[in-house]
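The structure under discussion appears below in the form of structure tokens.
Since every read-out is calculated from the coordinates, none of them should be taken as a lab result. These numbers were taken from a predicted model, which means no experiment stands behind them. Cβ placement follows ideal geometry from the backbone for every residue including glycine, while neighbour counts extend to all protein chains displayed.
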Amino acid sequence: MTLQLGLIGYPIMHSLSPWIHTQFLEAAGLIGEYDLYEINQNASFEKALMRLKDEQWNGFNVTVPYKQRIIPYLDEIDPIASSIGAVNTVINEKGKLIGYNTDGEGYLRAFQTVYPRTLTQDKQCLIIGAGGAARSIFVTLSKHGMRNIDIVNRTTRNAEKVAAAGEKHTTTNVISLDKVEKTLHKYDILIQTTTVGMKPLGNDTVFPVDNLKKGSIVSDIIYQPIHTTFLERAKQNGASILYGHRMLLYQAKAAIELWTNRSVKADHLIKPLQQILEGR
Ligand code: ATR
């Protein structure tokens, strides 16, 4: 059987997903295609989904601006995607659309691959940012059992909304940007999810990272550039780091595993993915 997979969103022409999924399919010995289906904002979203069903796509990823908009069109939604309030992966089971969100799962798996047995529930985490990606990671880590996940964001109201999506066992303090530097020494894990430092916006960091706890792990989900200034500074200050392209790869791995019901290998793709990103 030839698998028909792809990505819907707008604009998506520079997406790395076709490359990543083609590598997964080849490595798993599966025959399939991963296509880009750009849905212009003026086009009918409903008609586009009908077309995917008519063409019998087996599954697809969803990206901006449709991650929330797709929810009313789904027949079922996974509880984690429901708590996140956004869907990035859909399985088409003979016309029945089931929605998932693999973004937080991708972060979690990426982390566990590089730092196995480190993400214990007592660790003090700080999520920087309160957008869609932050919410996916926050909900996933909370469901994973983490007891302390603080959030710092420019707009504290947005952080409060994310904090409200946590499980009962998770305690969350919302911290304002001007106070965060003083409390940095308390965190074992920092997760940078804002767009600050992303190409081509410039090489700023959202705040200085001089006051890190010894042994802390600092991650940035930005993958363009891979070596963000934030990670470079954290490294100079003694932190261990986790790069954003690993999350990109592992959210895709979680998606293809949902579509194919098989486990696929991903680690061999880290270097080639890095080379592609560095060549852009
Ligand atoms: P994504 O879906 O990729 O997470 P997003 O939803 O646009 O992206 O979220 C962007 C995040 O970056 C938000 O936390 C945003 O802060 P606000 O909630 O205050 O808007 C943060 N962000 C963007 N530009 C920023 C800046 N110049 N300084 C600090 N935070 C910034």
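Overview of values
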| quantity | calculated |
| --- | --- |
| Rg and Dmax [Cα atoms of the chain; Å; Rg one decimal, Dmax integer] | 18.7, 57 |
| Potential extension, residue 237-residue 117 segment - 0.36 nm per residue separation minus Cα distance | 40.9 nm |
| Segment 205-280-segment 149-170 distance, computed between alpha-carbon centres (Å) | 23 Å |
| Beta bridge orientation in the chain: antiparallel %, DSSP, nearest 5 | 20 percent |
| Exposed GluC sites (Glu not before Pro) absent: longest stretch of the chain, with sites in DSSP loops and at most 15 other Cβ within 10 Å deemed exposed | 168-280 |
| Reachable lysines from residue 143, criterion Cα separation under 26 angstrom, eight or more residues apart if same chain | 67, 123, 161, 168, 186, 213, 253, 265 |
| DSSP-loop trypsin sites (Lys or Arg not before Pro) across segment 166-202, with at most 15 other Cβ within 10 angstrom | 168, 179 |
| Counted charge near residue 224, where neighbours are those whose Cβ lies closer than 13 Å (Asp, Glu -1; Lys, Arg +1) | 0 |
| Helix-only CD estimate at 222 nm, as mean residue ellipticity for the chain, using -39500 (n - 2.57) per DSSP H run (n ≥ 4) | -10000 deg cm²/dmol |
| Coil-residue trypsin sites (Lys or Arg not before Pro) of segment 1-96, DSSP, other Cβ within 10 Å capped at 11 | 94 |
| For a label point 7 Å along the Cα-to-beta-carbon line of residue 147, residues of segment 97-137 with backbone N under 18 Å | 118-126 |
| Normalised per residue, the volume of the convex hull around the Cα set of segment 1-101 (Å³) | 95 Å³ |
| Residue 185-residue 280 FRET efficiency (beta carbon distance; Förster radius 51 Å; 0.05 resolution) | 0.90 |
